[in-house]
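Novice: My questions will all concern the structure given below.
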Amino acid sequence: MQIGVDLGGTKIEVAALDSDGGVMIRKRVPTPRGDYAATLRAIVVLVQEVEDNLGRRGSVGVGIPGALSATTGLIKNASSTWLLGQPLDRDLAAALERPVRLMNDANCLAISEAADGAAAGFEVVFGVIVGTGVGGGIVVGGRPLVGPNAIAGEWGHNPLPWPTAEERPGADCYCGKQGCIETFLSGPNLARDYHGHGGREGTAKDVVERAASGEAAAEAALIRYEDRLARALAHVINIIDPDAVVLGGGLSNVDRFYDRVPALLTRYVFSDHVATRLLKARHGDSSGVFGAARLWRPEELPAALAEAS
């Protein structure tokens, strides 16, 4: 069986898939925020509980909000900052006594949705996470495009395209720069933008609900957000021209985006027509854990179950 772990900022989810891709078991626990050792233990306990329950061992793939540095072998670019500089793959391999594969959580979402999700059958898929943070991953022919720097698809840390005077220079980002796409399109920053334009305190979910109830400030915030999302996706479309863009993360549940954002893309994409589909993740917030499970292909399971040296 293939075991996937989605290591998120607020929850850790584990799922086991059978040889046909069917879900055998799933479980979630809160993430021990700020505590690397406790996070490591939580993952190990979840995997062991799955295996004890099902009576067999499985391959283990883990989706993380960051990447593994090819230079140092340590975690980099993680929004869950307590993971930074840690040898997470080696620590997990030692604790679980087998090789463990790690990949960025947006890549895992793209893998899952391209395999049997909203983008099944499409050749080039750009998977997007818009939630607490903003991430992206690219799948071509069913395989993730990672790149020599392990940053392929990281659109969230490019500057927002075609910024207005009001949008310059942009808010500070945790990466050390200003005006990154993440500082405009993450859930917390949607709430910040709304509050900064006369809205009440609240979360991104509150903003969406208030707009639906007719509040003008919330509606204006969503209109700004939709235009920014269209600009940010247009840059991606101009570069890789994907067949489909799949949205995951908390803000992917805003249904109006799938009508309004495609209509805006034609303003910014360098084409007379935009054929790229904007789709909602079929597997919802479980896309990441399913994609993590698929980091080991079925034919690789013997190597995946070998004891780590």
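Any read-out appearing in this document is the output of simple, stated calculations on the displayed coordinates, not a laboratory observation. Please read these numbers as outputs of a predicted model, since none were measured by experiment. Note that each Cβ is placed from the backbone with ideal geometry, even for glycine, and that neighbours are counted across all protein chains shown.
Novice: Dipole magnitude of the chain about its Cα centre, charges +1 at Lys/Arg Cβ and -1 at Asp/Glu Cβ only, in debye to the nearest 20?
Specialist: My answer is approximately 260 debye.
Novice: Give the shape of region 199-309 as rounded, prolate or oblate, defined through the alpha-carbon gyration tensor: a ≥ b ≥ c are the square roots of its eigenvalues, a/c under 1.5 means rounded, and otherwise the shape is prolate if a/b is larger than b/c and oblate if not.
Specialist: oblate
Novice: Where does each of 251, 7, 54 land when they are ranked from fewest to most other beta-carbon atoms within 10 angstrom?
Specialist: Result, fewest neighbours first: 54, 251, 7.
Novice: Give me the percent relative contact order of the chain, please, defined on Cα pairs under 8 angstrom at least 6 residues apart.
Specialist: Relative contact order here is 22 percent.
Novice: In addition: In nm, give the distance between the simple-model label positions of residue 23 and residue 266, each being 7 Å from the Cα along the Cα-to-Cβ direction.
Specialist: Using points 7 Å along Cα→Cβ, the separation is 3.8 nm.
Novice: Also, quick follow-up: With charges only on Cβ, +1 for K and R and -1 for D and E, what is the dipole size of region 122-281 about its Cα centre, in debye, rounded to 20?
Specialist: Approximately 100 debye in magnitude.
Novice: Still on this structure: At most 15 other C-beta atoms within 10 Å and a DSSP loop state: those are the exposed GluC sites (Glu not before Pro) I care about. Give me the longest piece of the chain that has none.
Specialist: For GluC sites (Glu not before Pro) (loop position, at most 15 other Cβ atoms within 10 Å), the longest site-free span of the chain is 202-306.
Novice: What does the net charge come to around residue 228 if you take all other residues with beta carbon closer than 10 Å to its beta carbon, with K and R at +1 and D and E at -1?
Specialist: -2
Novice: With the chain treated as a Gaussian network of Cα nodes joined by springs under 10 Å, which of 293, 230, 212 yields the largest mean-square fluctuation?
Specialist: 212
Novice: Sticking with this structure for a sec: In terms of the Cα gyration tensor, with a ≥ b ≥ c the square roots of its eigenvalues, is region 1-104 rounded because a/c is under 1.5, prolate because a/b exceeds b/c, or oblate?
Specialist: prolate
Novice: What does the charge count around residue 112 come to, taking other residues whose C-beta lies under 12 Å from its C-beta (Lys +1, Arg +1, Asp -1, Glu -1)?
Specialist: -3
Novice: Here is a further query. Quickly rank 276-282, 27-33 as a protection proxy: mean count of other C-beta atoms within 10 Å, highest first.
Specialist: 276-282, 27-33
Novice: What do you get for the angle between helix 105-116 and the principal long axis of the chain? Use alpha-carbon atoms, 0 to 90 degrees, nearest ten.
Specialist: So the inclination is approximately 80 degrees.
Novice: Loop only per DSSP, at most 15 neighbouring Cβ atoms within 10 Å: give me the trypsin sites (Lys or Arg not before Pro) in region 178-271, ordered by residue number.
Specialist: When the trypsin sites (Lys or Arg not before Pro) of region 178-271 are filtered for loop state and at most 15 Cβ neighbours within 10 Å, 200, 256, 267 remain.
Novice: Taking residue 76 as the anchor, which aspartates and glutamates have their alpha carbon closer than 15 Å to its alpha carbon, excluding any fewer than eight residues away along the same chain?
Specialist: 89, 105, 154
Novice: Also, I was wondering about something else. What residue among 156, 63, 198 has the largest mean-square fluctuation in a Gaussian network model of the chain, using Cα springs under 10 Å?
Specialist: Among 156, 63, 198, the largest mean-square fluctuation in the Gaussian network model of the chain belongs to 198.
Novice: What is the sum of charges, Lys and Arg at +1 and Asp and Glu at -1, for the other residues whose Cβ falls under 15 Å from the Cβ of residue 176?
Specialist: Net charge in that neighbourhood comes out at -1.
Novice: Between residue 256 and residue 275, 0.36 nm times their residue separation minus their Cα-Cα distance comes to what?
Specialist: Extra length available between residue 256 and residue 275 comes to 5.0 nm.
Novice: Once you've got the GNM for the chain with C-alpha springs shorter than 10 Å, pick whichever of 69, 213, 186 has the biggest mean-square fluctuation.
Specialist: The residue with the greatest mean-square fluctuation here is 213.
Novice: Mind listing which chymotrypsin sites (Phe, Trp or Tyr not before Pro) in region 213-309 are in a DSSP loop and have 13 or fewer other Cβ atoms within 10 Å?
Specialist: The qualifying sites are 270.
Novice: For region 122-281, calculate the relative contact order in percent as a whole number, restricting contacts to Cα pairs under 8 Å that are 6 or more residues apart.
Specialist: Relative contact order for region 122-281 comes out at 25 percent.
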